[in-house]
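Worksheet: the structure to be examined is printed underneath.
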Amino acid sequence: MIEAVLFDMDGILIDSEREYDKAMREAITRYGHMITDEFLIRVRGIPVEAFKKSLKLEFGRDFPVEKFRNDFKSIVWQNIRQYGMPVKNGVYQLIQYLEVNNIRYAVATSNDRAMALELLEAADLRGVFEYMVCGDEVEHGKPFPDIYQKAADMLGVNIKHTLVIEDSYNGIRAGHAAGASVIMVPDLVQPTDEIRQMTDYVVSDLGKVISCISNF
């Protein structure tokens, strides 16, 4: 029986992953580099410090990580101010279902808390989620299980009775490693054979999660 649902944020609650990818590709050209699809898949869902290390591994130890991140965030927020931050399909429908059925829920995102709060505010979701664990609040980020274990502990629920909803490979690995049930809602990547073995269901949007919950 599912007692709590733990949501990833980017690509699950808000349609931010596309903005991140576009902004990274644009920002990196200022430094004479290109970002590959493989790199984007590899870093999707990981926390900030791990992302910084990945940049140096990819582009060299002298790569100006902080300057790049400032450029990247500037582009992201410029686009959000211009176009808004869309909420993913089924968010409100699923939250309403959880409320009616007394199932607790929280956000577990690799973003640092300041960025996460700003993004939820931009999507008009900040008041929806009372509980949140962020990437800068755990020792080991996704794909390690720490963030989901901490979120379950925060809600006072055994991790084995929680459902993790993710779109990234690293997030799914984290939920699976934590011992939670896992549903993938693909955003920019489809599940591989490895990822399918770690998920209980793969569905097209959050609204379709509702019919799965009673099966656990």
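All of the numbers you see were taken from the coordinates with simple rules; none came from a lab. As the structure is a prediction and not an experimental result, all values here were calculated from the model. Here the Cβ is made from the backbone with ideal geometry for all residues, glycine too, and neighbour counts use every protein chain on show.
The stretch 94-216 gives an Rg/Rh value of 0.93, both radii derived from C-alpha positions and Rh following Kirkwood. Using 0.36 nm per residue and subtracting the Cα-Cα separation, the extra length available between Gln96 and Ile41 on full extension is 16.6 nm.
Quick one: which of 5-15, 133-143 comes out on top by average Cβ neighbours within 10 Å, and what's the full order, highest first?
On the way: 5-15: 24.5, 133-143: 19.6.
So the order, starting with the most tightly packed, is 5-15, 133-143.
List, in the order given, every pair from Lys53/Lys73; Lys73/Lys160; Lys52/Lys88; Lys22/Lys52; Lys53/Lys88; Lys56/Lys88 whose Cα-Cα distance in the structure shown is over 25 Å. Cα-Cα > 25 Å for Lys73/Lys160; Lys52/Lys88; Lys53/Lys88; Lys56/Lys88; rest within. The label point for Asp193 and the one for Glu58, both projected 7 Å from the Cα toward the Cβ, are 2.7 nm apart.
Remark: the stretch 94-101, residue by residue, has Karplus-estimated 3J(HN,Hα) of 5, 4, 4, 4, 5, 4, 4, 9 Hz, where x stands for each Gly or Pro and the curve is 6.51 cos²θ - 1.76 cosθ + 1.60 at θ = phi - 60°.
Please work out whether the stretch 17-83 counts as rounded, prolate or oblate from its C-alpha gyration tensor, where a ≥ b ≥ c are the square roots of the eigenvalues and a/c under 1.5 means rounded, while otherwise a/b larger than b/c means prolate and anything else oblate?
Details: a/c = 1.65, a/b = 1.40, b/c = 1.18.
It is prolate, given that a/c is not under 1.5 and a/b is the larger ratio.
From least to most packed, judged by other beta carbons within 10 angstrom and beginning with the fewest, Phe216, Phe59 follow the order Phe216, Phe59.
Please give the net charge around Ala114, taking every other residue with its beta carbon less than 12 angstrom from that of Ala114, where Lys and Arg add +1 and Asp and Glu add -1. It would help to have the intermediate numbers written out before the result.
Details: positive: Lys73, Arg113; negative: Asp112, Glu118, Glu121, Asp136, Glu137.
With Lys, Arg at +1 and Asp, Glu at -1, the net is -3.
The 3J(HN,Hα) values that the Karplus relation (6.51, -1.76, 1.60; θ = phi - 60°) gives for the stretch 179-196 are, in residue order, x, 7, 6, 9, 10, 9, 10, x, 10, 9, 10, 9, x, 7, 4, 4, 5, 4 Hz. Gly and Pro appear as x. Assuming a viscosity of 0.692 mPa s and a temperature of 37 °C, what translational diffusion coefficient in µm² per second does Stokes-Einstein assign to the chain, Rh being the Kirkwood radius over Cα pairs? My calculation gives 188 µm²/s for D. What net charge do the residues around Asp21 carry, taking every other residue with its C-beta under 12 Å from that of Asp21, with Lys and Arg at +1 and Asp and Glu at -1? With Lys, Arg at +1 and Asp, Glu at -1, the net is -3.
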